[in-house]
1. If you rank 114, 50 by fewest surrounding Cβ atoms within 10 Å, what's the result?
2. Fewest Cβ neighbours within 10 Å first, please rank 123, 64, 16, 117 accordingly.
3. Report the gain in length on full extension from residue 121 to residue 44: 0.36 nm times residue separation, minus Cα-Cα distance, nm rounded to one decimal.
4. Calculate the FRET efficiency for residue 69 and residue 20 from the Cβ-Cβ distance with a Förster distance of 35 Å, rounded to the nearest 0.05.
5. Arrange the following residues from fewest to most other Cβ atoms within 10 Å of their Cβ: 29, 109.
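Here, each number is a calculation from the coordinates, and none is a lab measurement. Since we're looking at a predicted model, the values are computed, not measured. Cβ placement follows ideal geometry from the backbone for every residue including glycine, while neighbour counts extend to all protein chains displayed.
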Amino acid sequence: MKVGVILINKKKQILLIKEKYKKDEEYKWNIIKGTYDKFSETLLECAIREVHEEIGVHVKKLTLDRAYHYGEKENPKIIFIFVGLVNEKKIVFNFDNNENDESIIEAKWFTKKEFKLIKKKNLMASYIYEFFDVVKNLDNLNNEVEFFKICF
């Protein structure tokens, strides 16, 4: 199982990361996501860990938005999507602290219009298009994300 995190700022932009796609070694846009270890963490703990591993910041509050099924009929997969509203004016992303050899080179905020201009071949997975509708439901999102800079 996978866990994904969608961070949304006050301008109703979604954060995407650019990371290496293992199949063809190209960099593609993706949401923050990773593999859930059911033996050592909860889904929420996994989401918090993935944000820290991939962009170098620690979050405290996220809301479970949905479970999304994808993959082939013979090999169905599920990803649990968490959402957080970011109130920080500026976030300093730290890719130097990428754990587990994450190959992330960029993080960028996208408006819905900008996001729609990204070609499917430049996305890690086409199902990411379906996640932008969380922006329409911002009124129901009452948890703000609290960031803490981690220094080592």
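1. Details: 114 13, 50 24.
Placing the least packed residue first, the sequence is 114, 50.
2. On the way: 123 18, 64 13, 16 24, 117 9.
The most exposed by this proxy come first: 117, 64, 123, 16.
3. On the way: separation 77, 0.36 × 77 = 27.72 nm, distance 2.99 nm.
So the chain would gain 24.7 nm between residue 121 and residue 44.
4. Working: r = 26 Å, r/R0 = 0.73.
FRET efficiency, residue 69 to residue 20: 0.85.
5. Details: 29 20, 109 17.
Lowest to highest Cβ neighbour count: 109, 29.
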